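Taking it in order: structure first as structure tokens, then the write-up.
The values are calculated or read from the model by the stated rules, or taken from the named source; none is laboratory data. All values reported here derive from a predicted model rather than from experimental measurement. Because the Cβ atoms are built from the backbone with ideal geometry, glycine has one as well, and the counts that use them run over all protein chains shown.
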Amino acid sequence: MASTLALIVAGGRGVRAGGGLPKQYRPLGGIPLLRHTVRRFAQHPQIDGICVVIHPDDRALYVQATEGFDLLDPVNGGATRQESCRNGLEALAAHAPANVLIHDAARPFVDAGTISRVIGALSETAPAAIAAVPVADTLKRADAENRVCDTVDRTGLWRAQTPQGFRYGKILAAHQATEGQNLTDDAAVAEAAGLPVMLTQGSAENIKVTTPEDFSQSEQTLQTAAADFRTGTGFDVHPFEDGDHVMLCGVAVPHTRGLAGHSDSDVGLHALTDALLGTIGAGDIGSHFPPSDPQWRGVDSRVFLSHAADLVTQRGGTIRHVDLTLICEAPKVGPHREAMRTRLAELLSIDIERVSVKATTTDGLGFLGRGEGIAAQAAATVLFA
């Protein structure tokens, strides 16, 4: 049974935002707004799965915006937000989550602390909890001609945000019991069904992007935020054995000997795999592909590299550059360098100018200098935005 699932509501049309697309698919910093939102939940350690509610006409846009994420199947929304949420909740029944967090796709800046606080507030005695911020501005009530009638006491007033968290069975029953009432948020659904709703501290940055001005403000937020560049390193070595070629960076290089190892012993791909895993703190190649497991015997090492690259993408990373140094007395790397760069660029889906392959020797020193094997060291630079 999944503990906590996130239900992201993205079925609206977003006409006020302009731009010719539903706002959840408009680019924000060059990336669809929905992708920013999904990434926030995909990166949270307490979220066990994500389902997005979409408009039936937006399937292609959804697929493009969420490429690389491991999500539950999307659910078609309804005519109202309440109907869309009910459709999504009913679709989660097969997963039987303990909790569900319902979040607006148009809130791309929700932070991990807000998500954690909402989850932490849920219990059997507190079946509903929402992110919210206290009202800080002075509130005025106006008449039909926009003349101030009185000043409203803001004591105890909060601005509701999302995510709004619930014990799954409770909110599903509440939605089914209030069908057709067209309530404005899921907390209102819970209230109408008699469920107590707790308030947890939200964030002023957790804005709902609705208007063109909101998009402009959000673009500025992204531009001023420091880019999260991470660098990972990897090192690997394999001894020679009988053979007539070695695999280096996905290229078969003729040689008088081969490399010993459990897979195809591509020392370059192994080092680069560890470098990519290092950018997301995901252990090393051996923890993902144990050499004691017979299924990896003789396997093409591109499987390892592709796995690491997919994990980086799922965590919201974009590979910006890789740099690989092969250390050996023989074979000569130079004649094969461009083929290696081309192969690495293909495997990582990046421009070849972002791939560097170099070679050096140890001037006859050590086991490498004695021609007993080949080593490789790699560095990978990844942008997380």
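Which fully enclosed strands (runs of 3 or more DSSP E) of segment 88-189 have 2 or more residues being exposed (fewer than 14 other Cβ atoms within 10 Å of the Cβ), at negative phi and more than 32 Å from the chain's Cα centre (by Cα)? It comes to 139-142, 148-152.
Residue pairs whose Cβ atoms lie under 8 Å apart, separated by 6 or more positions or on different chains, with the first residue in segment 287-310 and in a helix (DSSP H, G or I) and the second among the polar types (S, T, N, Q), are Trp296/Ser263; Phe304/Ser263; Phe304/Thr273; Leu305/Thr273; His307/Thr273; Ala308/Thr273; Ala309/Ser349.
Taken as a whole, the structure leaves Gly78 outside the set of residues that are out of contact with any strand residue (DSSP E or B) (no Cβ under 8 Å at 6 or more places or on another chain) and at positive phi.
Within segment 110-123, is even one residue at pLDDT 95 or above and among the hydroxyl-bearing types (Ser, Thr, Tyr)? For segment 110-123, residues at pLDDT 95 or above and among the hydroxyl-bearing types (Ser, Thr, Tyr): present.
Restricting Ala359, Ala308, Ala345, Ala339 to those that are crowded, with 21+ Cβ neighbours inside 10 Å and not aromatic (Phe, Trp, Tyr) reduces the list to Ala308. One residue stands out in segment 45-66 among those that are assigned to a loop (DSSP other than H, G, I, E, B) and in contact (Cβ under 8 Å) with a residue 40 or more places away in the chain: the one that is nearest to Leu33 (Cα to Cα), namely His55.
Looking at segment 198-208, is at least one residue surrounded by 15 or more Cβ atoms within 10 Å (Cβ to Cβ) and either aromatic (Phe, Trp, Tyr) or without any contact (Cβ under 8 Å) to a residue 60 or more places away in the chain (or both)? No, segment 198-208 has no match at all.
I need the full set of residues from segment 247-286 which are closer than 30 Å to Pro45 by Cα, in a helix (DSSP H, G or I) and not charged (D, E, K, R), in order please. Selection gives Leu269, His270, Ala271, Leu272, Thr273, Ala275, Leu276, Leu277, Gly278, Thr279, Ile285, Gly286.
Looking at segment 244-264, is at least one residue surrounded by fewer than 14 Cβ atoms within 10 Å (Cβ to Cβ), small (Gly, Ala, Ser) and over 30 Å from Ala187 (Cα atoms)? Yes, some residue in segment 244-264 is surrounded by fewer than 14 Cβ atoms within 10 Å (Cβ to Cβ), small (Gly, Ala, Ser) and over 30 Å from Ala187 (Cα atoms). In this structure, is Arg35 outside any strand (DSSP E or B) and surrounded by fewer than 21 Cβ atoms within 10 Å (Cβ to Cβ)? No; evaluated as a whole, the condition is false for this residue.
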